[in-house]
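J.: Dropping the structure in here first, questions after.
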Amino acid sequence: MTIDTSDSNYFDWNNSFDIIKKAYDSSLFVLIIGPKGTGKTSLVRKFASEIGKMLYSINFSLRTRESHLVGTKTMNQGEVTFVEGILIKSMRDGGILYLDELNAAEADVLLRLDEALDDRRQIVLKEAEGQVIKALDNWFVFATINPLSHEGTKELPPQILSRFPVRLRLEYPPKEIEKQIIKHHVIIDGSNENDIDDALKLANSLREAASLEELYYSPSIRESIAFAKLLRNAVSPKEAAEVVYANVYDQWGEVEYRKVMDMITSIFG
């Protein structure tokens with residue numbers, strides 16, 4: 001999938017851009033590590049927008065096949081043609097390839113990808129009579145991975161890790177930085193300041209509980225932004241906290257949900 005990055009919105013609170021730009025100038029592919037909701041995708045989109053390059057994205061799962069990367073043969077008006085996949089398109093274009101949640105990919109997919117990521121930056125299309133595709137010099141690759149505690153993830157093979165010599169860690173930011181990120185997305189007036197602070201206190205408590213495996217889910221920065229947007233639209237703080245933070249835990253049962261509702265009641269009354 002190609003992505004229009006013109007409306008990318010990212011607050012670079014930990015100066016990731018500087019390292020990424022130097023990696024790009026050095027043709028060193030970048031791996032971004034961190035839990036969901038810490039801005040990994042937004043960072044990649046913003047960088048592509050800043051340098052004016054097309055972003056080619058693929059999200060990996062158990063259902064991702066080699067054909068999604070390299071392409072597949074198809075019948076078109078009685079003729080067999082080869083439809084190129086996202087990897088080949090990005091190599092030909094010299095764009096940015098974004099491999100999202102790479103550590104959810106299957107071994108055969110990683111093996112095929114590894115061929116294109118080595119120093120030659122080329123791949124042999126066995127699906128298209130052995131045609132050799134060589135990437136343009138300005139082709140660049142990002143990959144993101146989630147912690148191994150996330151469902152469906154697994155360790156990346158050493159040879160794949162070695163293709164991404166620049167590794168960035170994105171974590172949930174400190175409370176004051178997260179508040180700045182919210183203000184980057186939502187106009188907050190003085191009457192909402194205390195409620196935002198309380199929501200961030202709740203979010204960080206939930207994240208800590210999840211890290212200790214006391215709860216199953218860790219809320220992202222997106223949820224903090226959603227809470228602020230609901231406040232702006234006259235939803236009460238307690239109700240906003242319930243629909244944004246608490247209700248998701250009901251999928252793990254009443255006990256999980258009640259734990260979070262008790263926390264919300266203690267904070268918001």
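No lab work stands behind these numbers, since they all come straight from the coordinates. All of these numbers come straight from a predicted model, not from anything done at the bench. For neighbour counting, all protein chains shown are included, and Cβ atoms are generated from backbone atoms with ideal geometry for every residue, glycine included.
J.: Counting other C-beta atoms within 10 Å, and keeping those with at most 15, which DSSP coil trypsin sites (Lys or Arg not before Pro) do you find in the range 141-230?
T.: Here the trypsin sites (Lys or Arg not before Pro) that fit, given the DSSP loop and packing criteria, are 154.
J.: Compute the length gained on full extension between residue 126 and residue 79: take 0.36 nm times their separation in residues and subtract their Cα-Cα distance, giving the result in nm to one decimal.
T.: Result: 15.1 nm gained on full extension.
J.: Continuing with this model, one more query. Angle, helix 254-268 long axis vs. longest principal axis of the chain, Cα atoms, 0 to 90°, nearest 10?
T.: The angle comes out near 60 degrees.
J.: Given springs between every Cα pair under 10 Å in a Gaussian network model of the chain, which of 130, 39, 85 has the largest fluctuation?
T.: The residue that fluctuates most here is 130.
J.: Note the full-extension length gain between residue 175 and residue 154 as 0.36 nm times their separation in residues minus their Cα-Cα distance, in nm to one decimal.
T.: Value of the extension gain: 4.5 nm.
J.: Could I ask something else about it? What distance in nm separates the two pseudo spin-label positions at residue 265 and residue 210, each 7 Å out from Cα along the beta-carbon direction?
T.: With each label point 7 Å from Cα toward Cβ, the separation is 2.4 nm.
J.: In the structure shown, do any of 201/238; 179/259; 179/238 have a Cα-Cα gap over 20 Å, and if so which?
T.: Cα-Cα > 20 Å for 179/259; rest within.
J.: Given the pairs 36/126; 154/229; 36/183; 46/73, which span a C-alpha to C-alpha distance of over 31 angstrom in this model?
T.: Where the Cα-Cα span goes over 31 Å, the pairs concerned are 36/126; 154/229; 46/73.
J.: For the pair residue 18 and residue 185, how long in nm is the line joining their label points, each one 7 Å along Cα→Cβ?
T.: It is 2.6 nm.
J.: Of the GluC sites (Glu not before Pro) in the range 140-192, which ones lie in a loop per DSSP and count no more than 13 other C-beta atoms within 10 Å?
T.: 151, 155, 171
J.: Report for the range 2-169 the percent antiparallel among DSSP-assigned beta bridges with both residues inside it, nearest 5.
T.: The antiparallel proportion sits near 40 percent.
J.: Top mean-square fluctuation among 81, 38, 144, Gaussian network model of the chain, C-alpha springs under 10 Å?
T.: Checking each option, the largest mean-square fluctuation is seen for 81.
J.: Answer with one residue from 110, 82, 146: the one whose Cα lies farthest towards the positive end of the charge dipole of the chain, charges on Cβ with Lys, Arg +1 and Asp, Glu -1.
T.: Looking along the dipole axis, the top candidate is 82.
J.: Take the chain, connect every pair of alpha-carbon atoms lying under 10 Å apart with a spring to form a Gaussian network, then pick out the residue of 121, 63, 45 with the largest mean-square fluctuation.
T.: 63
J.: Nearest 10 degrees, 0 to 90: what angle lies between the long axis of helix 221-232 and the longest principal axis of the chain (Cα atoms)?
T.: 50
J.: Compute the long axis of helix 40-51 from its Cα atoms, compare it with the longest principal axis of the Cα atoms of the chain, and write down the angle in degrees, 0 to 90, nearest 10.
T.: 60
J.: What's the local net charge at residue 158, with K and R +1, D and E -1, over the other residues with C-beta under 15 Å away?
T.: 0
J.: Right, next: Within the range 230-262, whose backbone N sits under 18 Å from a point 7 Å along Cα→Cβ of residue 194?
T.: Counting only backbone N, you get 231-232, 234-241.
J.: Take every Cα-Cα distance within the range 2-169, group them into 5 Å bins from 0 onward, and report for each bin the whole-number percent of pairs it holds.
T.: 1, 8, 18, 22, 21, 15, 9, 4, 2, 1, 0
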